[in-house]
Structures are given as structure tokens and as C-alpha cells.
Amino acid sequence: MSKNKKWTLATVLVLMVALLLTGCGGGKENNQDAQGNSTAANQESIIRSTASDVPNIDPGVGSDYASSIAFANVYDTLVFPAHDGSLKPWLATDWQTSEDGLTWVFNLRPGVKFHNGDELTADDVVFSMQRMITIGEGYGYLFSGVVKEAKALDKNKVQFTLNKKFGPFLSTLVRLYVLDKNQVMANKKPGPYGDMGDYGKDWLVTHDAGSGPYMVKELKKEEYMYAVKFNDFWGGWEKDAPEAIKIIGTTAGPTVRTLMTQKQLEQSDQWQTEEALKALDNIPGVSIDAGFTGSMLNIMLNNKKAPTDDVHFRKALAYAFDYQTVVDKLFPGCKKAQGPVQFNLPGFNPNLPQYERNLDKAKAELAQSKYAGKLDQYPVDIVWIANVPDEEKIALLFQANAAEIGIKVNIVKTPWLSFVDQVATPDNTPNASVVFVSPHYNEAGSMLESRYHSKSTGTWEQGEWLKNPEIDADIEDALGTLDQNERYAKYQKIQEKLVDLCPSIWVFDQAEKRAYQDYIQWPGAELNKQGKPVSSVMGYNFYYHDYKVTSQK
Amino acid sequence: MNLRAYILKRLFLSIFVLIGLSIVIFIIARVVPGDPARMALGPRAPQYAVDQLRQEMNLDQPLPTQYYYWVKGVLVGDLGKSLTTKRAVADDVKEFLPATLELAFIAAIFVVIFSIILGTLAAKYRNKWVDTVIRVMAYTGVAVPAFVLAVLFLLLFGYIWPVIPVLGRLSPEIMPPPTITGLITVDSLITGDLSAFWDALKHLILPALALAMGPLFQEARIVRSAMTDNMSKDYLAAAVGYGIPSSVIMRKYLLKPSLIPAVSVMGLDIASLMGNAFLVEVIFNWPGISRYGMEAMLRKDLNAISAVIIVFGVIFVLVNIIVDLIVAYLDPRIRLGGKV
């Protein structure tokens, strides 16, 4: 071998060895990681979960899933949504309503401490309500048109005066997260809210001012939120409750799978595909939970655009659609929808007639349509959202089913932002759109109002453009009804009318699937196994105070 | 033109490039469908909150006025507020840029070192088995996208052979060094924390390799091709005739001029590494600016989009100036203005 050759090969060799040494050094440490029994983090009693976002921990700002999980764990509310759909006294020990339903008085639990040691009082509740309404972001919309005044009657008594009768008011209070007024105002900066400056928004980006079971230790934007147990939590602690929680902002399948395998993740997000879930299920010690938490998949039919403006045409599509294939093969574990409201939402009508696949009925409906005989002139566009690849399967099935009754369907893949823009006007809104929707609070009225009241037209929540004055009046009447049973009965009537109008194809009630390690005890998963209901208020199925991390780990 | 004048001229011209880029990206970001204020606050937010945010972001002003306010802010370091992270975009850039810079830097080192070595070997043993193996590797490396390699690396080193960390910038049990530059390897060296340095370096290997593979093999092919061309040149035959040792011929008379085309392409590729890092950052859970920029685009976070593009633009321009200087060093005809 010549000198040159030797020199070249030696250089390559040295570099290769250096690379391998860099890569392999500490390999033992990482092997131990993979077995899940060596690192400090693994030995900690912690629940780490992935989410599509790192939470906004300012309750005046955030309202996405990750933020809702963080709020449930970091802040307290006046009432708490139990898994069975009822509301438990929480910061409020009891409450009274005036006869006209416009005044609500809540007695607060005395001695509740914020994370900084301040005592929680009625002033803090008033401040938190005013802050939410003034900022208007996050869940503020629930109160902005409803609450006229919030007033502290004494240290432990708070009164809300409403602008109008609003039956579900108590249900919406699960979103009134109480902040420490003094702490927030001590950290305010100049801002657009007059004397309130920025209302502490800048400080609350990375700090919490809550009294909940966990207090935020570190929030790294676009990375994670890490919170530790608040020992003075008023609700106390049970043995084996997690010492810390971490919400990690990633949903990338390979990343989640790796973290799960290396036991650096206790609970996955709900955005893993069926294929990814199967792979996760194959990891020893990992199980999959499927729970119904309020979300539904709808095919929104534009009621103001030909040919879906014809009720018979819409019904033909509804009868032609193959629901069973969806729930059996495409989205196993999900439940065929029964009307416009998910089955476990209070106020759901279990006696609704259902659209089932029946080609004879579909053809009969089509024959009554004004478009019968000229279908070739009226193709239907169906849009699926590019950001949710699984929706394409629904669009393809819809196309195939429609073809069976002679309707031509064009499938259009649309980015979310474009879709939001399209639905702003009835002319631009597609004939059909595949969209997931969920309630804003735990009552059927929420779904009915956000999906079918005329005021939600022009937003992505109503691609139907129903604009039906009778339905609008019925929804308003129901929401203004204080008696719960009477209100629920009215919701059920509205659902019947909607089924008859067939503004949408209600495809399935979504079973949110998440992988989790068997060494944690997750109350929601246990309830699901027993076939019992799980809280459908977004975030509260992840109240980690009630979880346990067992020693099997 | 002397070197100083050359650099000054390039820097001066770069200002116009960046102004042009800022106008283009400013307009493109705003013509993408969707009202950013409504997107940020959601369909349920009351109109007064949306109007207030629009006012805060000057979205209620005509485009030229918006651009004026934006440039005014940028000139004093105020890049606006991010709708996603709800804080100053400048803070986001400070936090996320170092992670991507660190990643791109290590990837660039891989590109430079391995492309030259592989290109040289392929040229030296042209049409032999070494050349064939490198050629096959090159075709594969160039054809397979970085994110596919990232997934393959993750599967290989996350499950089958877990000898190297695969996710994030540091292992959970390692305490991050205090932030000085934001580059963990540098900060850990400054603070003398060698365990953090070692751990950070190991975390860089796989994402940097995934990112570097495409450009690395592309450049290796260019080096090989240029060297093969130069081998038939008369000056090389003369050098051999003078009895100059083959190692000197290889390094000085063959490799150096052969690097010129590769270095020019390398500059573009290395500058592009940052923009291409998006999927690699997502897969390796790497908290970098590329991932941040892509998220910003998906959410129509106008200030964040503009800031990320401008930052990438500045880096691209600077890297290209550096590359031009290297090329000028390698090629006297360029350095001396064609007087050779």
C-alpha cells in the first residue's frame, strides 16, 4: 500500500472511530434508559403526556386542549365536572339562584391557599371573571355576553348578575379559573386594559397564579410545561399521587413511540394514527384507552348551495353513506353518531331516529329532489382538512357511496386556514366538509348553539349555513330555561327537528385513543374499561391529582 | 478590487436583498387566507377582542402602513409579538435559533469533512469498487429525504440498537448548563460541565447526520467529478514530471482547485440546512427555529413568520459571503479580479 493510500485510509479510520466513540460513549446509560429503570427522571413519580401544543397557562388566553389540561391541574374553579356529567361543589361549597335566574350567589370554601400562600377570596373570583370578560380571549366568550356584573358580597361570598337567563350558566363555570388577584396585579405591565395595564398577560405566559393541585415550575415555549405537586392543596393528597406532571408539545408518531418505549412518557396525545396506536399497543406494559369525550365527526352539508340546498338531496346522501364501515374498519372503537349531539352529553336525545345506510331509501329521496334527472349538472365538492389525514378516508367513502346513487363527488384537500376562509360566505363554503367538532361546555345546548344557531354561520363550526329562524328561536328558548329537566327536554326536541332537516351527516362519536403505561392508574381509563361515562369537559379527564403512579414501574 | 472593498460591496448589496426579501415575505404572509387575529383567538372569541388584537398588530391599517410599522420595530429589535407563544418574537428567536444553529453547524461539519473525504476517495479509486460503493451511497443519500433518514435513525437507534440518544438536546437526567449563548455544547464548555457537553454532542449526532446526508453526498460527487476532470489537465502531468510527491500533488494541485465548484454549492446547501431542518426537528423533538417557523406558518403567526424568514435570509446572505471569500481564497483568478 502506498504512503498516500495509507494516509487517506488512516484519516478515514480516525474519523470513523471518533464518530463511533462520540456516538457510543455512554451507551450503557442509554441502554438502561430503554429498560426504564435507571435515570433520575424515570425514578421520579411523574406523569408525562404529549399534546399538540405546549399549554398557555393564562386562563384568560388559552382554550386549546393542552391549555385546558393545564388549567384543570393548576387552577381551581367554583364547580368541578364529575365523570358522570354532574357538577360537584369545588371552590364554591353551595350556591343560590334568584327566581328570575339572573342572580347567582356562591359561598366560597374558606382557607383555600394559592401557590404563593395567599388566601383565595371572593375578590379573586370577581377579578378572574372581569379579567376573562375584558380580555375576551380563551374561554372568555362563555361569559362575555352573559355576565353583567361580578361582585364580592363578603370575603367568602360572590355574586354574579346575568344579562339574560342562561340555563347552562353553572356548567360554564367549570371554565372560570380563579387567579390570585394580588399576585397578577403585582406583575402587571403597561398594556391596553387601562388601569389594569396588560392584566398580567405577559407574566402569566410562563407563571401561574393558581390554587390547583400542581404548580408550574417551568414552562418552555414550544417544548413543555413542568409542574410539581402543591403540598398545601386544599383537597389533600392520596398515596402514590404523581409528584410532578409534564406536558410535552409534540405529537410526532416516531417521537411518541420512542418516548413510550424508553418509559420517558406515561400518556400519549390523542392524535396518533390507528397504525401508530397498534405499534404503541405492542410495546410491553403499554395499553390503549378509548374514551368518548364529546368530539364528533360531521360531514357538514351546505344548506344554501346547490345541490345540497335540497333536503331530499341531503337525505339521499345521508342514507347512502356507509356508517358501519367507518366505525368497524376506518375508525374502530368509535360509535356511530345518533344525531347532532354526542351520546354522553347531558341533554342528548337517545330516542332519535337514525340515518342508516339504505340505498333504496336514498334513491327514493333523490327522486323527490329538484335535482333528480340532472345529477350530472350538479357535482358535489367534498373538502377534507389537509392537517387531518384520516379525514381523507371519509371523503373517499362518501365519494364511493354517492356514486352508487349516481351523484358525482369531487374530493378537495384543503389546508385548515383556507377552509376557515372558505366558510366565511355561503357561496364559497363547499357542498360538504369533513370536520371534527366538540361542545364548549358539558350540555347538548352548547353543541346545538355552536353548530346550528345562525350566529355561528361564517365560522368553521357551521359549514351548513342552516339559518333557520325556528331553530334559532328554539335554541335561545332552551338556553334561557333554568329548570334542567325542562331545558334538556327542549334540547331533545331541537335534535328531532334537526334530524328531519338533515343539515349534516353525523358520522361518529369519536373515541379519543391514547396510549398509556400500565404503571399509572388513570381513573378515566378505568371507567372506560367498566363502560362508565368519562368527563366530556375538555381537559378534566386529565386531572392528574386523581392519578396514581404505582411501584411496578 | 481589494478584499475589503469586495466584502463591503457584498454587504451593501445584501441590504437590498434583505429589504426585497422582507417586502416579499411581508406580502406573502398577509395574502395567505385567514384573519390572523381571528385565527389566534378562535371562532368563539367576541368581536371586540378580535378588533383589539387587530389594532394591536396594526392589521386595521393599509399594507404599506403595516410594513412601515414593522420595519420601524425591526430596526430597534422589536419583531412584534407572537400569536402562538404570546410573547415577543425576539425572545422566541433568541430561544430557538441557537438549537438550530448548533444542529446546522454540526451538520455542516459532517458535510464538509465527509464530502471531501468521500469525493477524494472516489476520484482516487475511480471506476474501482471504492468508487462504486461511494456512488451507490451517494445516490441513496441524495434520493432519500432527510426526514425519512431521521425516522430510520430513530427506529434503528431508538429500538434496535439504543447506543445513542435519539430525542431532544439533552438527556432528562442531565442538568442543562446556564444559558450564555444558547448553544448547549458551547455553554457547557464555558461552564466546565463536561458531562453536559458530552451528552449534548451525542444528541446532535443523529439529527445532524440525517440533515447532512443529502448535501454531503451531493458535494462528494461534485468533488469527485472536479478531481477527475483536473486529473487530465496538463499542469498535473507537469507536476508529476517534476517528481513532486503524489501526496502533495493530491492535496495542493488536485484537491484545492477541485474544491471550488463543491464549495460554491456547499455554501448554498449549508445555508439551506436551517430551513430544511423542520421535519428533522419535529422527529427528533428538537426545539429549533425551523420547527417554530413552520408552526408559525400553519397558524398564520405573521410576526413570527416574518422574523424567521428574515433571520434565515440574514444567515443565507452571510454564509454566501463567507463562501465567496473561501472560493476567492481557493481561486486566485477570483481573488485577483481575473488578473492571473
For this session: Could you tell me which of the residues B:S195, B:S225, B:S171, B:S232 is among the hydroxyl-bearing types (S, T, Y) and buried (at least 22 other Cβ atoms within 10 Å of the Cβ)?
Result: B:S171
For this session: Find the residue count for segment B:202-238, including only residues that are free of Cβ contacts under 8 Å to residues at least 24 places away in the same chain and of a type in the set (A, V, I, L, M).
Result: 3
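Could you count how many residues in segment B:63-89 are away from chain A (no Cβ under 13 Å) and open to solvent by less than 60 Å² (accessible area, probe 1.4 Å)?
Count: 10.
For residues that are in a loop (DSSP other than H, G, I, E, B), among the polar types (S, T, N, Q) and surrounded by 20 or more Cβ atoms within 10 Å (Cβ to Cβ), scanning just segment A:208-258, find the one that is farthest from the other protein chains (Cβ to nearest Cβ). Show your work before the answer.
Residues of segment A:208-258 in a loop (DSSP other than H, G, I, E, B): A:208-213, A:221-223, A:230-243, A:250-252.
Then keep just the ones that are among the polar types (S, T, N, Q); that gives A:211, A:231, A:250-251.
Then keep just the ones that are surrounded by 20 or more Cβ atoms within 10 Å (Cβ to Cβ); that gives A:211, A:250.
On the way: A:S211: 22, A:T250: 5 Å.
Going through the qualifying residues, I end up with A:S211.
Tell me, which helices (runs of 4 or more DSSP H) lie completely within segment A:390-474 with 2 or more residues that are within 14 Å of chain B (Cβ to nearest Cβ)? I'd like the intermediate steps shown before the answer.
On the way: elements: A:391-404, A:416-422, A:444-452.
Hits in segment A:390-474: A:416-422, A:444-452.
Please specify each residue of segment B:119-138 satisfying the condition of being without any contact (Cβ under 8 Å) to a residue 12 or more places away in the chain and either closer than 30 Å to B:D193 by Cβ or away from chain A (no Cβ under 11 Å) (or both). Reasoning before the result, please.
Let us first name the residues in segment B:119-138 that are without any contact (Cβ under 8 Å) to a residue 12 or more places away in the chain, namely B:125, B:127-130, B:132-133, B:136.
Those that are without any contact (Cβ under 8 Å) to a residue 12 or more places away in the chain and either closer than 30 Å to B:D193 by Cβ or away from chain A (no Cβ under 11 Å) (or both): B:N127, B:K128, B:W129, B:T132, B:V133, B:V136.
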Problem set entry | Enumeration of residues in segment B:280-304 that are in contact with a helix residue (DSSP H, G or I) (Cβ under 7 Å, 6 or more places away or on another chain), more than 7 Å from chain A (Cβ to nearest Cβ) and aliphatic (A, V, I, L, M) | B:V280, B:I289, B:M294, B:A296, B:M297, B:L302, B:A304
Exercise. Within the set of pairs 6+ apart or on separate chains, which have a first residue in segment A:205-222 that is modelled with pLDDT of 95 or more, a second that is basic (K, R), and C-beta atoms under 9 Å apart?
Worked result: A:A209/A:K181; A:S211/A:K113; A:P213/A:K229; A:Y214/A:K229; A:M215/A:K229
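Need a quick list: helices (runs of 4 or more DSSP H) entirely within segment A:141-207 having at least 3 residues that are within 14 Å of chain B (Cβ to nearest Cβ) and not charged (D, E, K, R). Let's see the steps before the verdict.
Values: elements: A:141-144, A:169-172, A:181-186.
Once the helices (runs of 4 or more DSSP H) in segment A:141-207 are filtered for at least 3 residues that are within 14 Å of chain B (Cβ to nearest Cβ) and not charged (D, E, K, R), what remains is A:141-144.
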Seminar exercise, completed: Those residues of segment A:267-289 which are surrounded by 18 or more Cβ atoms within 10 Å (Cβ to Cβ) and part of a helix (DSSP H, G or I) amount to A:A276, A:L277, A:A279, A:L280
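Could you identify the single residue in A:D427, A:D500 that is without any contact (Cβ under 8 Å) to a residue 40 or more places away in the chain and surrounded by fewer than 18 Cβ atoms within 10 Å (Cβ to Cβ)? Spell out the reasoning first.
Values: A:D427 fails: without any contact (Cβ under 8 Å) to a residue 40 or more places away in the chain.
Of A:D427, A:D500, the one residue that is without any contact (Cβ under 8 Å) to a residue 40 or more places away in the chain and surrounded by fewer than 18 Cβ atoms within 10 Å (Cβ to Cβ) is A:D500.
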Seminar exercise, completed: Flagged in segment B:113-139 as surrounded by fewer than 19 Cβ atoms within 10 Å (Cβ to Cβ) and within 30 Å of B:P176 (Cβ to Cβ), in numbering order, are B:I113
Exercise. Of the numbered conditions (1) within 12 Å of chain A (Cβ to nearest Cβ); (2) open to solvent by less than 10 Å² (accessible area, probe 1.4 Å); (3) under 20 Å from B:I289 (Cα atoms), B:L103 satisfies every one except a single condition; which is it?
Worked result: (1)
Exercise. Taking segment A:503-524 on its own, how many of its residues are crowded, with 20+ Cβ neighbours inside 10 Å and outside any strand (DSSP E or B)?
Worked result: 3
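The values are calculated or read from the model by the stated rules, or taken from the named source; none is laboratory data. Computed from a predicted structure; not experimentally measured. Cβ sites come from the backbone with ideal geometry, for glycine too, and all protein chains shown count toward neighbours. All accessible areas refer to the heavy atoms of the entire protein, side chains included, with ligands and DNA or RNA removed. Shrake-Rupley method; radii C 1.70, N 1.55, O 1.52, S 1.80 Å.
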